[in-house]
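Note sheet for the following structure.
Readers should treat all values here as calculations from the given coordinates under stated rules, not as data from a laboratory. The structure presented is a predicted model; accordingly, all values stated were derived computationally and were not measured. Here the Cβ positions follow ideal geometry from the backbone for every residue, glycine too, while neighbour counts run over all protein chains shown.
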Amino acid sequence: MKERKMMIMSTKAPSSSKCFSFFVFVIFFVAFSISNAQTQNATTDPSEVRALNSIFQQWETQAPDTWNISGEPCSGRALSDSDSAFEDSSNNPAIRCDCSFENGTICHITRLRVFSLEKRGQIPEELLALRFLTFLKIDQNFFTGPLPAFIGNMSRLALLSVAQNSLSGPIPKEIGNLKELYMLSLGINNFSGTLPPELGNLVELQQLYINSCGFTGEIPSTFANLRNLQIVYASDNALTGKIPDFIGNNWTKLASLKLEGNSFEGPIPSNIGNLTSLTILRISGIYNGSSSLVFVRNLKNIADLVLRNVLLTGSISTDIVEFQSLQKLDLSFNNLTGQIPSELFNMNSLTFLGNNSLSGTLPSQKSQSLKNIDVSYNHLSGNLPSWIDSTLQLNVVANNFTLNSSDIRLLPGLQCLQRGFPCNRNAPRYANFAIKCGGPQMTADGILFEAENSTLGAATFNVTSTQKWAVSNVGLYEDRENPLYVQNTFAQVKSTNTPAIYQTSRISPVSLRYYGLGLENGPYTVNLFFAETAYPERSTQSWKSLGRRVFDIYIQGSLKVKDFDISKEAGGAERAITRNFTANVTENHLEIHLFWAGKGTCCVPEFGYYGPSISAISVVPDFIPTVSGLPAGSSNRKNQTALIVGIIVPVGVAALILICVIIFIKRRKKYDDDEEVLLAIGTRPNTFSYAELKAATEDFSPSNKLGEGGFGAVYKGTLSDGRVVAVKQLSVASHQGKSQFIAEVATISAVQHRNLVKLYGCCIEGKRHLLVYEYLENKSLDQALFGRSDLHLDWATRFNICLATARGLAYLHEESRPRIVHRDVKASNILLDAELCPKISDFGLAKLYDDKKTHISTRVAGTIGYLAPEYAMRGHLTEKVDVFGYGIVALEILSGRPNTDNSLEDNKIYLLEWAWALHENNQSLDLVDPNLVELDENEALRVMGVALLCTQGSPTMRPPMSRVIAMLAGDIEVSGVITRPSYLTDWDFKDLTGRFMTEDTQNSIASENTAPIPSSVNETEFSGIVEGR
């Protein structure tokens, strides 16, 4: 120390200014040292530590080693002010602390980030203990339940981001209390209802992300107060009304506005032109009110302008050349007229002008950097300009260009895709085609699918060398790096015998068209093959499973399916579905158009992931073709072919007429026989003709298929009188005679109760047996309970379902004449109407059939998991079999999970075992579905007690359904349950059910390996009971 002091003293005496600077440095150094020492000695608020521990325990996560050093949360990176350190992937979950409280002795947690960790659970109330939290980001997990109202009490929050989860229910109005919020991100969740007007109180808000949230209704007028907004993403909702004028008047700081895929009414407000700071404007899907392009003239800073399908009229102004920052211009699918300004092609922006009414010629000059141009489906004409070359992405199909040989060499096949599709027009060569979209040639189900694996881009088309079919693609993926137009998968797609056909799919960001060319005129069936392979199954409970691909399907320019969702239609991801359509070809060509209207998620599993996807196409005639089906020049034996056709066709027609006459006579005889049977029955049911039901279901179209059970497939149909019905197409033959079959149907039809599905009647024509039921729009209870529908069943609804289902069973057992035992009471056999009132389905069917011809493993008709032990083991049938099944269903309603779930811990796999374990430990309410926000505990305990009574081992110990109703309603006390049934303690469930992995394997194993168990039902004792299913 002396040496240093002497050294300082031996230097030249400093000036006064240098002395002052040195003094300031010393003071700063000392203060920093003291502050750092205090920080090291500061401790995290104990209440916040407890809360953080509880939150992490519920979310099954833990602190990384970047903070929480030696058990102190506010340590390590938690003390860093660096945003990059806070957002670092190795620092996840992350917190940030402020240790300036109480003279630097107490630290409070100010930030919490749990990002993309696939965490599950709900948003816990312990967050309220983090009183100083300003930043909460829990995106890309699988949190469920509501966004709780208590969030509104976290008054210091400046950033709240819960995007890409599975949250549901309405947005609480209390969020409007967060006056410090500058960012609110709710996108890609399952919310419902309207936007709360109270959000208009968030006057500091700069960024609002509400895309793909499920919101409905109009944008509240209170949003006019949000004058600091800079970014608004509100695409893919069901927002209605007009785009508010206050956006253009008040949101003057906006830099980015996305309003695609809603239901807004036009016109677009002209004052949008006041938003001169806009760099991104994307609007699509406007209806009922046209707009002109005048309002965009002042948007000089715009870089990304998308006004697709918004009813634009008028012409494109030359003023657009002033948009020096423009990188992408999409004005497609509108009603623009006039010529294309030459100035437009001298810019560098990607240009999409397809599907308008533009005329004239293409500009004679083009910028060297302009590489993507779509002008398809306009009325352009004249010669193609000289700047066209093979390096361009250029789509000019469906125009009226004059083409020379040089053009055709550069753009092969374009002559076939001009307006009118002239190739082989009036001289057809083909009557079918099949395409393996996005993949190589392959044969499946006897069909040769031709390869369609050429490289497609943002504005491309391709015509096969045989001029048999063609493909056209338009669109550029927004925000996506290295976009591909093919989806590949190694997944084994289910619900098909040919999974290889789904290993590749052609995808498109906007518009994908396939054409059949040179087709013989007449009616055709168009088969489209789909499978969603981009997202995992929703049951994985991964945020990546939240993706929704939604697009429209047009055939021959006619909208066939709006908002088609492959996963939803197929019943899940990686499942095949084929949609069949009929089309009439009148001008020798067929067009299949898949169009993205802005709906569905945009950013799962990565940014820019949306739009149509298709795996294969097969088109076949519904008539006998007269064409060869061979390309031009493929045969040098035309005369021989003509001679053969000239001989074969008349002979074939004559033979066909003879066959038709014979079939008609036989069918008429069968019809007369059926009529005789019906006339001989005293009380006959309503009957429908097969033709009537065929028309009602669109020829039993797969698109109308509701499901398939043990007795056959069920289709949705609309009768000629407008009634919507469910038609069960029975796939197994009845062992009864026609008269007995119809008599039984008449008996079942007469059994009517508000909690039973009504049977309207039947159809019996020859071997065709069909039943016609009322249609229930909310489908089955299992879909609502186990997350396979968008329904949210609160406790009041669930309790009503328990009570009403009990009433339906009590009617069957005690009041119906004849009395009926259902035999297969389960959640999938309970349907929900528009008011979520339950109705029991499929009662009385089992008696119509020979058990050997059904999928049921023995004479016992039922489903594993719901079978009473005496029925499963000995075939002993009484109404108490239904009581047992009801008990299992009641537990499922209470817990919100199926009776068996192998993904859970061992002690929770079997619901009944778990319920008994909780009951014995006085923890019955732990069984309750955690997604339930409100709960009447007394009702829940009654349901639990009733369920345990209903599942007793001895039938005599189970209460009748009338007593179940009284106990649920609180009219009588729930009888005490002493011990768990012996079958739970004696049986090894794992060994018993381990081989029943799916319903299909269960059925096949049962049919192959299980001998029928003889029924021990006492026929005299139960002579008044119908064996139902």
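Laid out as a table, the results:
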{"quantity": "The range 102-242 shape via C-alpha gyration tensor axes, a/c threshold 1.5", "calculated": "oblate"}
{"quantity": "Order by protection proxy (mean Cβ within 10 Å, highest first), peptides 917-924, 154-161, 215-222, 701-708", "calculated": "154-161, 215-222, 701-708, 917-924"}
{"quantity": "Which of LEU226, ASN211, ASN298, positive extreme of dipole for the range 178-334 (C-beta unit charges)", "calculated": "ASN298"}
{"quantity": "Calculated FRET value between LYS705 and ASN103, using beta carbons and R₀ = 56 Å, to 0.05", "calculated": "0.20"}
{"quantity": "Using θ = phi - 60° and Karplus 6.51 cos²θ - 1.76 cosθ + 1.60, couplings along the range 742-757 (whole Hz; Gly, Pro as x)", "calculated": "5, 4, 5, 4, 4, 5, 5, 4, 6, 7, 10, 7, 5, 10, 10, 5"}
{"quantity": "Contour minus Cα-Cα distance for SER628 and PHE490 (0.36 nm per residue)", "calculated": "45.9 nm"}
{"quantity": "Across LYS568/LYS716; LYS173/LYS568; LYS253/LYS371, pairs whose alpha-carbon gap is larger than 24 Å", "calculated": "LYS173/LYS568; LYS253/LYS371"}
{"quantity": "Neighbour net charge for ARG297 - beta-carbon separation under 15 angstrom, K R +1, D E -1", "calculated": "-2"}
{"quantity": "Label-to-label distance, nm, for residues given as ASP479 and SER390 (7 Å Cα→Cβ offset)", "calculated": "3.8"}
{"quantity": "Sequence of TYR485, TYR233 once ranked by neighbouring C-beta atoms within 10 Å, starting from the fewest", "calculated": "TYR485, TYR233"}
{"quantity": "Residues of the range 510-526 with amide N under 12 Å of a point placed 7 Å along Cα→Cβ from THR582", "calculated": "523-526"}
{"quantity": "Burial order of peptide ranges 364-372, 253-261 (average beta-carbon count within 10 Å, highest first)", "calculated": "253-261, 364-372"}
{"quantity": "Extension gain, SER90 back to THR455 (0.36 nm per residue minus Cα-Cα distance, nm)", "calculated": "127.5 nm"}
{"quantity": "Debye, to nearest 20: dipole size of the range 421-621, +1 on Lys, Arg Cβ, -1 on Asp, Glu Cβ", "calculated": "180"}
{"quantity": "Principal axis dimensions, the range 408-448 - Cα atoms, whole angstrom, descending", "calculated": "34, 26, 15"}
{"quantity": "ASN335 versus GLN368: modelled label distance in nm, points set 7 Å from Cα along the beta carbon direction", "calculated": "4.2"}
{"quantity": "Inter-label distance for SER357 and HIS379, nm, one decimal - labels placed 7 Å from Cα along Cα-to-Cβ", "calculated": "0.7"}
{"quantity": "Normalised contact order of the range 257-321, rounded percent, pairs of Cα under 8 Å and 6 or more residues apart", "calculated": "36"}
{"quantity": "Förster radius 45 Å - calculated FRET efficiency between GLU537 and VAL933, Cβ distance, rounded to 0.05", "calculated": "0.95"}
{"quantity": "Under 12 Å, Cβ to Cβ, from GLY600 - net charge with Lys/Arg +1 and Asp/Glu -1", "calculated": "-2"}
{"quantity": "Residues whose placed amide H lies under 5 Å from that of ASN383, excluding near-sequence neighbours", "calculated": "THR402"}
{"quantity": "For a label point 7 Å along the Cα-to-beta-carbon line of GLN58, residues of the range 83-117 with backbone N under 15 Å", "calculated": "114"}
{"quantity": "Global geometry of the range 421-621, whether rounded, prolate or oblate, following the gyration tensor of its Cα atoms and the 1.5 cut on a/c", "calculated": "prolate"}
{"quantity": "Spatially proximal aspartates and glutamates relative to LYS560 (Cα-Cα < 19 Å; intrachain offsets below 8 disregarded)", "calculated": "ASP552, GLU569, GLU591, ASP622, GLU698, ASP699"}
{"quantity": "Pairwise FRET efficiency - ILE972 versus SER155, Cβ, R0 = 41 Å, nearest 0.05", "calculated": "0.25"}
{"quantity": "Ranked packing of 902-914, 134-146, 935-947, most packed first, by mean Cβ within 10 Å", "calculated": "134-146, 935-947, 902-914"}
{"quantity": "Counted charge near ALA94, where neighbours are those whose Cβ lies closer than 14 Å (Asp, Glu -1; Lys, Arg +1)", "calculated": "0"}
{"quantity": "Under the Karplus curve 6.51 cos²θ - 1.76 cosθ + 1.60, θ = phi - 60°, whole-Hz ³J(HN,Hα) for the range 341-355, x wherever Gly or Pro sits", "calculated": "x, 4, 4, 4, 7, 9, 9, 9, 7, 5, 10, 10, 10, x, 6"}
{"quantity": "Unsatisfied cross-links (Cα-Cα over 28 Å) in the set LYS494/LYS826; LYS328/LYS468; LYS119/LYS705; LYS137/LYS779; LYS494/LYS728", "calculated": "LYS328/LYS468; LYS119/LYS705; LYS137/LYS779"}
{"quantity": "Fewest-first sequence of CYS837, CYS950 by Cβ atoms within 10 Å of each Cβ", "calculated": "CYS837, CYS950"}
